[in-house]
Amino acid sequence: MRPSPIRPAGPLSWKVPGGCSSVIWRVPFYSDLHFPAPFKSIHLESTSMNSSISKQRGFTLLEVFSVAVVSGVLAMAGMPMIEDYQRKHAGADLQQTFAESLAVARERAVGAGTAVYLCASADGATCSSDWKAGWLVYQGAQPTSPGDAVAEGDIIAHVKIEEASAGLQVLDENLEAVAAISFDSRGFNAASQRLTAMTCEAGGVLEAGAVFLERSGRVRVGKNTVAEENPSFHCQRA
């Protein structure tokens with residue numbers, strides 16, 4: 001027998017022929033719709049499934065404790081790598097700051113047509129022989145000897161280094177310590193030899209990079225080859 005077609009029972013409902021019991025589903029803002037009874041069981045199964053899933057949400061105390069322990073172990077394992085990165089980053093920043101100071105001194109020497117100097121200084125007023133606490137950039141007719149004060153009107157810049165894990169050393173081609181750097185009025189390195197500024201750790205280990213001041217006055221940052229060229233040299237932090 002050919003099944004009877006589904007006919008609308010009203011404006012917003014459908015009647016299913018064939019003797020099947022029906023369930024009315026109420027849809028907000030729409031209408032009452034008639035569906036076969038099997039849909040009721042499917043709806044109930046879905047509801048029970050959602051209820052069981054909602055009951056399984058959350059974590060037990062054991063799970064939370066396990067995650068905390070694993071996170072702590074991973075943090076402790078990564079701490080040496082973080083400290084090594086911070087140490088290398090601090091040394092690179094110190095070298096970059098020194099290179100910028102050299103560039104400023106050379107530019108001022110050429111622009112003003114006068115000699116410009118850098119000297120180690122801890123207090124920002126007196127030259128010293130230890131670069132680890134900072135340095136002065138100043139101009140004048142003559143360089144200031146270590147222990148002597150620089151005239152306040154001659155000071156161009158003062159770079160103060162706070163607590164640092166690496167100390168700065170400036171060496172000449174003979175690996176002798178240099179306490180002052182001079183640029184003549186043309187921007188040339190008055191020492192007439194290449195100078196190397198490097199950073200040293202407390203253990204005396206050389207940093208990978210260094211700042212080079214060429215005889216021409218050119219400033220560059222590159223690989224520190226002092227240890228390769230002079231195996232007997234040991235970086236000593238003051």
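Quick notes on this structure:
- Taken over segment 96-120, the criterion of being touching a Gly at 6+ places or on another chain (Cβ under 6 Å) and not hydrophobic (A, V, I, L, M, F, W, C) is satisfied by R106 alone.
- Of all residue pairs spaced 6 or more apart or on separate chains, those with beta-carbon atoms under 8 Å, a first member in segment 207-233 that is assigned by TED's automatic domain parsing to the domain that holds L171 and exposed (fewer than 13 other Cβ atoms within 10 Å of the Cβ) and a second member that is part of a strand (DSSP E or B) and among the aromatic types (F, W, Y) are R220/F212; G222/F212.
The values are calculated or read from the model by the stated rules, or taken from the named source; none is laboratory data. Keep in mind the model is a prediction, meaning the values are calculated, not measured. Note that each Cβ is placed from the backbone with ideal geometry, even for glycine, and that neighbours are counted across all protein chains shown.
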